[in-house]
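Everything on this sheet refers to the single structure shown next.
Taken together, the values in this text are just the output of simple stated rules run on the coordinates, not laboratory data. Model, not experiment: these values are computed from the prediction. Every residue, glycine as well, gets a Cβ built from its backbone with ideal geometry; the counts of neighbours run over all protein chains shown.
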Amino acid sequence: MDRLDRFRPLLELNVPGLQLIPNFDITMRTSMKMRSTAAVFAVVEHPIALRALLLATRQLEVPAYLLGGGCNTLFATSFFEGVVFALGRNFKELDHAGGNVIRAGASVKLPSLKRFSHECGLMGLEFLERIPGTVGGALAGNAGAGNWGLCDFVQRVIVMTREGFVAPIERGQFRYGYRHSELRDCIVLMADFQLEPLDLEEARRREKEYIDRKGTQPYDIPSSGCIFKNPLDPQSKKLVSAGKVIDEIGMKGYGIRSARIANGHANFFVNEGRTSRGEDFLALISLVRDLVHQRRGIDLELEVNIVGGPLNSAVLV
Ligand SMILES: Cc1cc2nc3c(=O)[nH]c(=O)nc-3n(C[C@H](O)[C@H](O)[C@H](O)COP(=O)(O)OP(=O)(O)OC[C@H]3O[C@@H](n4cnc5c(N)ncnc54)[C@H](O)[C@@H]3O)c2cc1C
């Protein structure tokens, strides 16, 4: 049996605004650049097309993964026997919706969102400095820095439920916290962000502060950002830096083939070359978790979304 056989009825779908590509190389679609192929890659340009895709994958019982910018996603196997789908350029709308509100489509890149808000005379999103990815991915994981996450600024979100219904979600109608958001359970189509009037000098000061804080994070080599969430210290009951904990057990710089714990920041695992495989990262993740558990009594929770393999943590539709 051909590995694409179960996807044939899906590939035969003919819906405007839905592009379906079999055997798609997704390596360059993630910031980690892990070599992998998806059975089917779909680009969706319209909510009706999205609904058709969701209903079809459900009917065929094939797993589907929603990919934003791929900056917090690790494909763990060389072949993903499912559908990877992304929202296309029609979801890249950016608008000044009046007052202090910016409207952004789910596929808008975070640096563009921040830049556009300044162009509109608004600020508040300076903490997004040096955070790559899209509005949809950042709302799903409440991406942020310091005390701020993107969900803090949401006024309203338009989502599609997994059953294919479009619904507005107002501020206060969804829960979120540190690198967690209930929006992860649906598909964000667009969001309105409530900001404050721009004070350019203050905005530049905040940006610099965030850049300075991130001095040790590697940006010139493929990674997925932080692998683990910062854990609670069992003694002090306060959040401690996962990078610091990994560093303290002597793992900084340790590697398996080209998969390595970054020298500068031990919560960043980097892909140093073409020879690394998803399995190498999984082994590194398991090793770090075991050692941190043994030596510090801390259970590290994944921040990165692992797709496929034994540590799969991704929400599959
Ligand atoms: C160098 C580097 C530095 C980073 N620094 C930070 C940092 O300081 N702070 C931080 O929080 N993160 C950081 N990250 C991680 C990453 O940038 C963020 O998690 C970002 O929000 C991921 O967005 P994305 O679109 O790439 O998400 P993806 O990796 O594509 O997806 C992440 C999750 O969001 C879901 N998703 C994607 N789009 C949607 C949508 N439209 N609706 C619902 N769910 C969706 C996916 O299914 C998946 O579960 C860093 C990453 C890198 C590579």
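Observations on the structure shown:
- Among the chymotrypsin sites (Phe, Trp or Tyr not before Pro) in the range 173-202, those placed in a DSSP loop whose Cβ has at most 16 other Cβ atoms within 10 Å are Y178.
- Rounded to the nearest 20 debye, dipole of the chain from Cβ charges on Lys, Arg, Asp, Glu: 460 debye
- Remark: the I211-R8 segment gains 68.3 nm on full extension, using 0.36 nm per residue and subtracting the alpha carbon distance.
- Under the Karplus curve 6.51 cos²θ - 1.76 cosθ + 1.60, θ = phi - 60°, whole-Hz ³J(HN,Hα) for the range 193-207, x wherever Gly or Pro sits: 10, 8, 10, 10, x, 6, 10, 4, 4, 5, 4, 5, 5, 5, 4
- Packing order of peptides 133-145, 73-85, highest average first: 133-145, 73-85 (average count of other Cβ atoms within 10 Å over each peptide's residues).
- Pairs of Lys in the chain closer than 15 Å at Cα, counting only those 8 or more apart or on different chains: 8
- Amide hydrogen neighbours beyond the local backbone of Y254, cut-off 5 Å, H modeled: I261
- For R175 and N147, a Förster radius of 22 Å and the Cβ-Cβ distance give a FRET efficiency of 0.80, rounded to the nearest 0.05.
- A simple packing score, the average count of other Cβ atoms within 10 Å per residue, orders the peptides 232-244, 179-191 as 179-191, 232-244, with the highest score first.
- Residues listed by number, the range 210-242, amide nitrogen under 18 Å from S313 label point at 7 Å toward C-beta: 223-234, 239-242
- Computed over the alpha-carbon atoms, the range 7-108 gives an Rg to Rh ratio of 1.03, Rh here being the Kirkwood radius from the mean inverse distance.
- Counting 0.36 nm for each residue step from R89 to N263 and taking away their Cα separation leaves a gain of 59.0 nm.
- Projecting the alpha carbon convex hull of the chain along each direction and taking the average yields 16.8 nm².
- Relative to the current alpha-carbon distance between V15 and R35, full extension at 0.36 nm per residue lengthens the span by 4.2 nm.
- For the range 71-201, the convex hull spanned by the alpha carbon atoms encloses 122 Å³ per residue.
- Calculated FRET value between E45 and L287, using beta carbons and R₀ = 41 Å, to 0.05: 0.45
- Helix-derived mean residue ellipticity, 222 nm - over the chain, DSSP H n ≥ 4, -39500 (n - 2.57), to 500: -7000 deg cm²/dmol
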